[in-house]
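Notes follow the structure.
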Amino acid sequence: MPVVKEMLLEDPAYEAEMQHSDDSRILVVDDLRSSRMLIGAVLAAAGFTHIDYASDGVEAMAKIRESRPDLLVLDIMMPNMDGFEVCRRVRNDLGLDIPILVQSGIQEAEERVRVFDEGATDLVSKPINAAELISRVRVHVEHRRLLLNLRQYQNRMEEELRTAEAMQISLLKTDEEALAITEPRGAKLVSHYQPSNKLGGDLWQIFPIDEDRFGLLEVDLSGHGVTAAINAFRLHMLIESLTENRGDPAKWLGDLASNLYKLLPVEHFATAFYAVYDKRTQILEFASGAAPAPIVLRQDGGHEALDASGMLLGCADDTVYESRRVQLNEGDRVLLYSDALVEDFKDMDKSLSEDDVADISKKILAGRDITDFPARIIEKVFVDPSEIMRDDLTIILMEVS
Amino acid sequence: MEYRIDSQGERAVIKIQGVLTFDDHEKFKGVVKSITGDDAKQIEINLTETKMIDSAGIGMLLLANDKAKKVGKSVQLSGVNGHVAKVVELSKVDQLIPII
């Protein structure tokens, strides 16, 4: 092809680049043999080693189906099936996002717009200008390579996040495991946990203290995603290791806080609520570090929010907490929740107050048992399901039996 | 979030406007930088026009406080009101950063 050589040599900038070989698979579609050969020769001279040809739309579609090329150089006016139709089918029927470079002599703006509407990625003018063709092909091939790499990376990340999420959820007690602890100690319990963006920093735990008492803990670590999740794992180990003082909420929360202080970087902290329920007295004794106020839903229809104020955990070395008590009676329920249930950062007037949460809960619970409470309150509060994923959501409802 | 810094010798006032949440993380780095870089020894973070704060926002204030302490400066909060006051009260931030 002496013509091509001459064309390229006119432009010395491309001479240097011609040596790079590129094994991207390119399909050149044109009904004129001379056009196909010209384009093929230009690309070959530029270092592309895998070039295939089709002489009309029908042949092109067959080859695309069979070999999934990395890029199309496509003519528009062809017998049997034109370039517009090929674009449409590649995008709609095959659902492929490969770059389609349309070579066209079309001058009218409207027609050029149509080329893009049908799904073309870019246009090169006809007659072919070698330098233009090569740079456009290179740009799109490179772009696609980056896109594929990124997609591969994203898939791997998603896979790993799913694994981590499963690990995280396995840290939590199932309702059956929780009931095995609470039922002999005079209480029923249902729970729900949903991490935001796959990984979260919420954690709740329940453990037996003696034959009559159990401890119930709800923690919300600041931040979301991987950092919060790693901290949640460390927190879980910490909780398991703090076996002393479990019967004394203020003391135990203080222990947890000073250990978290050593564990967490300065801008990270946690809110927490820890309660001990004693079936002999039906008293719930609790201590809190800035947790959302749990709500006691009385059997007679009344309600009260518990005072859950207290210093954030992990900000200071020797934080002192206060134990508070509430007398419960048979049929009373206590609702614990993370702030994701009530906070609305888009419209702060829409954030729920404790009274709002109490009223919604009462309506849901009227004459029913607590089993499906978490699902029902989520349905009521989150009218737009996508809003749920904003933050980690934990809901725990305990009932004195 | 938007912020404005008024520096007068020993004292600087940083006004935080809008909402201070997780999304303002990057922007807040500018606040921390100016606290450590500025000549002022006393820094007042004014929250009069801060409409809302979340736990990440509280974390950022704590971070600013910590960085200031490390270079021998002190941070105070002022203009705490509305939603911010509720969060500050609930989390007892006043035990860590003085409120004026």
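Could you please state, rounded to a whole Å, how far the C-alpha centre of the stretch A:155-213 is from the C-alpha centre of the stretch A:297-369?
What the calculation gives is 19 Å, centre to centre.
Select from A:S361, A:S196, A:S55 the residue whose mean-square fluctuation is largest in a Gaussian network model of chain A (Cα-Cα springs shorter than 10 Å).
Among A:S361, A:S196, A:S55, the largest GNM mean-square fluctuation belongs to A:S55.
Taking neighbour Cβ counts within 10 Å as the exposure measure, how do A:L341, A:L43 sort from fewest upward?
Listed from fewest to most nearby Cβ atoms, that is A:L341, A:L43.
Where in the stretch A:216-236 is the amide nitrogen less than 20 Å from a point lying 7 Å along the Cα-to-Cβ axis of A:Y153?
Under 20 Å, as judged by backbone N against the label point of A:Y153, lie A:225-227 of the stretch A:216-236.
Rounded to two decimals, what is the ratio between the C-alpha radius of gyration of chain A and 2.2 N^0.38 Å?
Rounded to two decimals, the normalised Rg is 1.52.
Against the longest principal axis of chain A, how steep is helix A:249-263, in degrees 0 to 90 to the nearest 10, with axes from Cα atoms?
So the helix axis and the longest Cα principal axis differ by about 30 degrees.
222 nm [θ] for chain A, helices only, -39500 (n - 2.57) per DSSP H run of 4+, per residue, to 500?
-12500 deg cm²/dmol
Hey, got a sec? Which GluC sites (Glu not before Pro) in the stretch A:130-236 land in a DSSP loop and have at most 10 other Cβ atoms within 10 Å? Show your work: numbers first, answer last.
Numbers: sites: A:E132, A:E142, A:E158, A:E159, A:E160, A:E165, A:E176, A:E177, A:E211, A:E218; in loops: A:E211.
Here the GluC sites (Glu not before Pro) that fit, given the DSSP loop and packing criteria, are A:E211.
How far is helix B:82-91 tilted, in degrees, relative to the longest principal axis of the Cα atoms in chain B, given as a value from 0 to 90 rounded to the nearest 10?
Taking Cα atoms only, the helix is inclined about 90 degrees.
Of A:K380/B:K15; A:K262/B:K33; A:K251/A:K380; A:K350/B:K92; A:K251/A:K362, which pairs sit farther than 27 Å apart, going by alpha carbon to alpha carbon?
A:K380/B:K15; A:K251/A:K380; A:K251/A:K362
Sorting A:V276, A:V124, A:V102 on the 10 Å Cβ count, fewest up front, what's the list?
A:V124, A:V276, A:V102
Build a GNM of chain A with springs between Cα atoms under 10 Å: which of A:V342, A:V334, A:V86 gets the top mean-square fluctuation?
Between A:V342, A:V334, A:V86, it is A:V86 that shows the largest mean-square fluctuation.
Can you sort A:L150, A:L171, A:L71 so the residue with the fewest Cβ neighbours within 10 Å comes first?
Going from sparsest to densest Cβ surroundings: A:L150, A:L171, A:L71.
Would you please classify the overall shape of the stretch A:162-400 from the alpha carbon gyration tensor, given that a ≥ b ≥ c denote the square roots of the eigenvalues, rounded means a/c under 1.5, and beyond that prolate means a/b larger than b/c while oblate covers the rest?
Rounded, since a/c falls under 1.5.
Between A:A232, A:A178, A:A120, find the one with the highest GNM mean-square fluctuation for chain A; connect C-alpha pairs within less than 10 Å.
A:A120
From the helices alone, meaning DSSP H stretches of at least four residues, give me the mean residue ellipticity at 222 nm for chain B, per-run term -39500 (n - 2.57), in deg cm²/dmol to the nearest 500.
Roughly -12500 deg cm²/dmol at 222 nm, from the helical runs in chain B.
FYI, it's all coordinate maths here, none of it is from the lab. Model, not experiment: these values are computed from the prediction. Glycine gets a Cβ as well: all are built from the backbone with ideal geometry, and neighbour counts include every protein chain shown.
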